[in-house]
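The values are calculated or read from the model by the stated rules, or taken from the named source; none is laboratory data. Everything numeric in this text was worked out from a predicted model, so none of it was measured. Here the Cβ is made from the backbone with ideal geometry for all residues, glycine too, and neighbour counts use every protein chain on show. In case anyone asks, the SASA skips ligands and DNA or RNA and just uses the protein heavy atoms, side chains included. Shrake-Rupley method; radii C 1.70, N 1.55, O 1.52, S 1.80 Å.
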Amino acid sequence: MSRIGVKPIALPAGVEVTVSDKNLVTVKGPKGELSQQVSNLIKVEVEEGTVRFSRSKDAREDRSQHGLARTLVNNMIVGVTEGFKKKLILNGVGYRAEKKGNKLVMNLGFSHPVEMEDPEGIKTEVPDALTVVVEGIDKALVGNYAAIIRDWRRPEPYKGKGIRYEDEVIRRKEGKTGAKA
């Protein structure tokens, strides 16, 4: 039995969940609207302020889809009420970021600045020159865009230079030592 899939989701005030006949779950809330196609193996029921998930068979594929469906819908509900946020830290000499309109401009040690336009549904903020905050209602889009930004300069293990997540711990390596004769 799925431990996650059997837990009902309590709907917060101002959130509306609808399920179409083809298992398309739509969540509307104060921050926006999200839709997700749920597997036909899972039955989604909305009743009296809760969303419940059940499966008809106990086959392996049904079990794997059970917890996944609940987690996806829960992420949509959290997204339309609170939103998701990823914070990136730039660490390196001369590394800095700034916002120009809807473009994120970063100097990362290349011969040219890196310009990235915010995708639909994603908003970036630069509270200071060394911090970039990626916000949105779709958890997958926020995480993906933060990963794309981080890929421009991943943190290296010797000096720790690069773009890292706020809560990321970089395992440091010891550098070369002088040769003794």
Among the residues of region 38-53 satisfying the criterion of being open to solvent by less than 40 Å² (accessible area, probe 1.4 Å) and assigned to a strand (DSSP E or B), which is farthest from Val17 (Cα to Cα)? Ile42
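So that you can scan it fast, the table gives a plain yes or no per residue for (1) in contact with a helix residue (DSSP H, G or I) (Cβ under 6 Å, 6 or more places away or on another chain); (2) basic (Lys, Arg):
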position	(1), (2)
Glu82	no, no
Lys99	no, yes
Glu117	no, no
Glu120	no, no
Leu130	no, no
Gly136	yes, no
Ile149	no, no
Only one of these is at pLDDT 95 or above and among the polar types (S, T, N, Q): Asn40, Asn75. Name it. Asn75
Identify all residues within region 7-37 that are touching a residue at least 40 places away in the same chain (Cβ under 8 Å), outside any strand (DSSP E or B) and open to solvent by less than 70 Å² (accessible area, probe 1.4 Å); write none if there are none. Pro8, Leu11, Pro12, Gly14, Val15
Six or more apart or on different chains, Cβ under 8 Å: which pairs go from a residue in region 47-61 that's among the polar types (S, T, N, Q) to one that's open to solvent by 80 Å² or more (accessible area, probe 1.4 Å)? Could you list them? Ser54/Lys43; Ser56/Lys43
